[in-house]
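Down below is the structure, laid out as structure tokens.
The values are calculated or read from the model by the stated rules, or taken from the named source; none is laboratory data. Please read these numbers as outputs of a predicted model, since none were measured by experiment. Cβ: placed from backbone, ideal geometry, glycine included. Neighbour counts: every protein chain shown. What goes into the accessible areas is simple: the full protein's heavy atoms, side chains included, and nothing from ligands, DNA or RNA. Shrake-Rupley method; radii C 1.70, N 1.55, O 1.52, S 1.80 Å.
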Amino acid sequence: MKLGLSSPLEHKTPEEWAENMQKIGCQAVNFPVDYTAPKEVIQAYEQAAKDQGLVIAEVGAWCNPISPDPEIRENARIRCRGQLRLADRLGACCCVTVSGSKGARWDGAYKENLTKETWKDMVKSIQNIIDEADPQNTFYTIEPMPWMYPMGPDEYVKLIEDVDRKHFAVHMDVFNWIISPERYFYHEEFMEECFEKLGKYIKSCHLKDVLLRQEFTLQLQETACGKGGINLKKYKELIDSVNPDMPVILEHLGSDQEYLDSLKFIKEYYQ
């Protein structure tokens with residue numbers, strides 16, 4: 001696997017950004033500017049990554065392309081198309097976002113997220129984004145979430161079938177799918193199922209941990225690597241089995257130092 005951070009860490013120039021990543025042992029990166037940045041800025045970051053031998057793992061869109069608010073929905077689809085075109089230009093492994101929510105929060109949990117009509121809206125939005133952007137060198141992907149489609153490997157397989165586009169693939173965050181005691185306690189078997197059914201479609205992965213807290217009612221908490229109950233060595237084995245060069249991105253930490261500490265931990269853990 002090729003490790004990377006979702007944070008660009010503090011830096012002043014594209015060259016400093018890429019040099020910092022290379023020095024701490026990252027081989028993959030998330031692209032730190034979006035499609036609205038000046039052309040010369042995008043080119044500078046692209047060249048800096050190439051000079052340091054860094055794989056551009058993800059171009060994130062992170063918005064709500066099925067929002068019930070028409071203006072938010074349209075702006076989100078414009079952003080997704082723009083980010084997908086940027087990922088294609090860069091030859092990034094994928095452009096990634098969530099499928100979207102039916103409420104005010106772009107990544108929020110709502111009853112309306114889980115309806116037949118929402119499934120149809122999600123499929124149409126993905127098809128529209130891919131068709132309009134027309135990628136040739138990258139893939140549009142959806143990150144798994146605990147409360148919006150797709151909520152398991154079988155649903156993701158169905159989504160791939162329903163979208164029916166060559167450049168639609170999988171971003172794997174198996175931790176976001178640990179949403180029950182069964183999936184937590186039998187997470188090794190669940191991870192095997194995910195990689196068996198989706199492995200050939202996976203373009204990038206996230207890396208973190210999950211802890212089952214001992215309070216009522218059920219509480220599953222996202223944590224830094226090594227502070228939860230997930231067998232991260234098993235996760236690495238499964239990733240390597242489908243692609244030894246898979247980009248794997250540490251995410252959702254609170255500071256640059258936390259990212260550095262987590263990266264240090266995981267590199268030692270995987271030795």
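Could you check, for the stretch 44-65, whether at least one of its residues is among the charged types (D, E, K, R), surrounded by 18 or more Cβ atoms within 10 Å (Cβ to Cβ) and within 24 Å of N128 (Cβ to Cβ)?
In the first step, residues of the stretch 44-65 are kept if they are among the charged types (D, E, K, R); the result is 46, 50-51, 58.
Within this subset, residues satisfying the condition of being surrounded by 18 or more Cβ atoms within 10 Å (Cβ to Cβ) are 46, 58.
Going one step further and asking which of them are within 24 Å of N128 (Cβ to Cβ), we end up with 58.
Yes; the residues of the stretch 44-65 include at least one that is among the charged types (D, E, K, R), surrounded by 18 or more Cβ atoms within 10 Å (Cβ to Cβ) and within 24 Å of N128 (Cβ to Cβ).
Answer with yes or no whether D88 is out of contact with any Pro (no Cβ under 8 Å at 6 or more places or on another chain) and either acidic (D, E) or within 25 Å of I129 (Cβ to Cβ) (or both). Give the steps one after another, and end with the answer.
Details: out of contact with any Pro (no Cβ under 8 Å at 6 or more places or on another chain): no; either acidic (D, E) or within 25 Å of I129 (Cβ to Cβ) (or both): yes.
Here the answer is no, as D88 does not meet what is asked.
Is it the case, given these coordinates, that M148 is crowded, with 21+ Cβ neighbours inside 10 Å, at pLDDT 95 or above and not in a helix (DSSP H, G or I)? Before the answer, list the steps.
Details: crowded, with 21+ Cβ neighbours inside 10 Å: yes; at pLDDT 95 or above: yes; not in a helix (DSSP H, G or I): yes.
Yes: the conditions hold for M148.
Would you call M122 open to solvent by less than 10 Å² (accessible area, probe 1.4 Å), within 22 Å of S204 (Cβ to Cβ) and not in a helix (DSSP H, G or I)?
Numbers: open to solvent by less than 10 Å² (accessible area, probe 1.4 Å): yes; within 22 Å of S204 (Cβ to Cβ): yes; not in a helix (DSSP H, G or I): no.
So M122 fails the test.
Can you name the residue in the stretch 6-39 that is outside any helix (DSSP H, G or I) and polar (S, T, N, Q) and, of all such residues, is nearest to V59 (Cα to Cα)? Talk me through it step by step, then tell me what you get.
Initial filter on the stretch 6-39 (outside any helix (DSSP H, G or I)): 6-13, 24-38.
Of the ones still in play, those that are also polar (S, T, N, Q) are 6-7, 13, 27, 30, 36.
Working: S6: 10, S7: 12, T13: 19, Q27: 16, N30: 6, T36: 13 Å.
Of everything passing the filter in the stretch 6-39, N30 is nearest to V59 (Cα to Cα).
Name the helices (runs of 4 or more DSSP H) wholly inside the stretch 153-248 in which the number of residues that are more than 28 Å from L54 (Cβ to Cβ) and in contact (Cβ under 8 Å) with a residue 12 or more places away in the chain is 2 or more.
Values: elements: 153-163, 181-185, 187-198, 232-242.
So the answer is 153-163, 181-185, 187-198.
Return a yes/no flag: does the stretch 158-170 have any residue that is open to solvent by less than 20 Å² (accessible area, probe 1.4 Å), of a type in the set (G, A, S) and modelled with pLDDT of 95 or more. Full working, then the answer.
Here is the first cut: in the stretch 158-170, the ones open to solvent by less than 20 Å² (accessible area, probe 1.4 Å) are 159, 163, 168-170.
Still in the list and also of a type in the set (G, A, S): 169.
Of the ones still in play, those that are also modelled with pLDDT of 95 or more are 169.
There is at least one residue in the stretch 158-170 that is open to solvent by less than 20 Å² (accessible area, probe 1.4 Å), of a type in the set (G, A, S) and modelled with pLDDT of 95 or more.
Only one of P68, P14 is crowded, with 20+ Cβ neighbours inside 10 Å and more than 21 Å from the chain's Cα centre (by Cα); which? So that I can check it myself, show each step before the final result.
Numbers: P68 fails: crowded, with 20+ Cβ neighbours inside 10 Å.
That would be P14, the only listed residue that is crowded, with 20+ Cβ neighbours inside 10 Å and more than 21 Å from the chain's Cα centre (by Cα).
Could you run through the stretch 238-255 and say how many residues are under 19 Å from F195 (Cβ atoms), open to solvent by 40 Å² or more (accessible area, probe 1.4 Å) and not hydroxyl-bearing (S, T, Y)?
So the count comes out to 5.
Here's a check for you: in the stretch 88-106, which residue that is within 16 Å of N75 (Cβ to Cβ) and assigned to a loop (DSSP other than H, G, I, E, B) is most open to solvent (accessible area, probe 1.4 Å)? Even if it seems obvious, please write down each step before you answer.
To start, the set of residues in the stretch 88-106 that are within 16 Å of N75 (Cβ to Cβ) comprises 97-98, 100-101, 104-106.
Right, trim to assigned to a loop (DSSP other than H, G, I, E, B) and you get 98, 100-101, 104-106.
On the way: V98: 3, G100: 2, S101: 0, A104: 105, R105: 135, W106: 94 Å².
Filtering first and then ranking leaves R105.
For the stretch 136-143, does any single residue satisfy the condition of being closer than 27 Å to S6 by Cα, assigned to a helix (DSSP H, G or I), touching a residue at least 40 places away in the same chain (Cβ under 8 Å) and among the acidic types (D, E)?
Residues of the stretch 136-143 closer than 27 Å to S6 by Cα: 136-143.
So of that shortlist, the ones also assigned to a helix (DSSP H, G or I) come out as none.
Within the stretch 136-143, none of the residues are closer than 27 Å to S6 by Cα, assigned to a helix (DSSP H, G or I), touching a residue at least 40 places away in the same chain (Cβ under 8 Å) and among the acidic types (D, E).
Residue check, L3 against (1) farther than 17 Å from A57 by Cα; (2) open to solvent by less than 30 Å² (accessible area, probe 1.4 Å); (3) of a type outside the set (S, T, Y), all met but one. Which one?
Going through (1) farther than 17 Å from A57 by Cα; (2) open to solvent by less than 30 Å² (accessible area, probe 1.4 Å); (3) of a type outside the set (S, T, Y) one by one, L3 breaks only (1).
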